[in-house]
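Structure record follows, encoded as structure tokens.
Every number in this text was worked out from the coordinates using simple rules, so none of it is lab data. Every value quoted in this text rests on a predicted model; they were computed, and no experiment measured them. Glycine also receives a Cβ, built like all others from the backbone with ideal geometry; neighbour counts cover every protein chain displayed.
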């Protein structure tokens with residue numbers, strides 16, 4: 001019986017008791033009202049405890065483990081609250097939360113972290129250590145009010161996620177237990193990782209630059225000047241400005257036409273010619289060289305044009 005139904009029944013019973021007491025008080029005018037009130041309080045309390053005991057014993061009996069069938073190797077537990085989990089059920093009935101995997105195999109249609117109240121859970125009889133149902137306080141400890149992290153970057157791992165949000169790489173084991181059904185060795189884009197709130201040190205999203213530092217295939221450059229261009233970065237680190245397109249492809253979240261100070265630009269290691277940081281001076285030097293080259297080219301073209309005109313135009317002679 002759910003707590004909501006229990007409350008409705010209890011209110012009805014108490015209301016009936018109060019009505020009876022009021023009629024009783026009206027019919028016995030000579031009785032001391034104060035004494036009648038105190039006696040009625042004691043009587044209601046006694047009756048309520050009796051009713052509550054009956055409800056509790058009925059709930060316990062309903063929630064206790066029972067054989068699935070006459071010759072079955074499984075016992076059945078019917079969940080009592082909407083926040084129970086397979087790991088919590090396994091811990092209570094078998095003494096080991098890691099047995100949730102066995103329970104998951106026996107209950108393939110049950111979502112390990114989201115089990116509705118009243119769900120039927122099969123538990124292998126050979127694993128059972130106790131048959132009494134878990135108290136609400138124990139079940140509440142496994143309530144899923146976790147922080148949710150969604151895997152966004154390639155190269156994320158459960159240990160890296162644990163380090164960023166909890167402060168310790170080793171907490172990946174706790175995250176694995178909090179995410180039954182997730183393969184900790186195969187984190188995929190789009191996976192949702194639930195993190196117990198009591199473990200968290202920060203709620204800031206895991207940034208890409210933290211992930212990129214763990215990847216051997218990329219080199220990270222941080223934009224420090226407002227006039228940096230992707231072609232300048234490509235020319236400096238790869239020796240060819242035309243590699244800016246490939247670098248842009250490796251940074252889909254960056255606008256290649258508008259780099260902002262603080263942007264992390266990731267350069268595929270296969271393109272790298274130098275790990276030496278790009279400085280503003282180098283950009284200015286490249287720009288100056290480009291300008292000089294352009295001026296020189298324009299000057300040569302102008303001279304050639306002038307010579308061409310002189311070749312076919314009237315000849316000029318020096319003055320006497």
Here the FRET efficiency for residue 261 versus residue 192, based on Cβ atoms and R0 = 25 Å and rounded to 0.05, is 0.15
Going by the alpha-carbon gyration tensor, a ≥ b ≥ c the square roots of its eigenvalues, is the range 104-255 rounded (a/c under 1.5) or, if a/c is not under 1.5, prolate (a/b greater than b/c) versus oblate?
prolate
For residue 64, put the label point 7 Å out on the Cα→Cβ axis and report which residues of the range 83-118 keep their amide N under 18 Å from it.
93-94
The range 147-209 shape via C-alpha gyration tensor axes, a/c threshold 1.5:
rounded
Length-normalised contact order for the range 66-140 - Cα pairs under 8 Å, 6+ apart - percent
40 percent
Restricted to Cα positions, what overall size does the range 66-140 have along the principal axes? Three whole-Å values, descending.
33, 24, 22
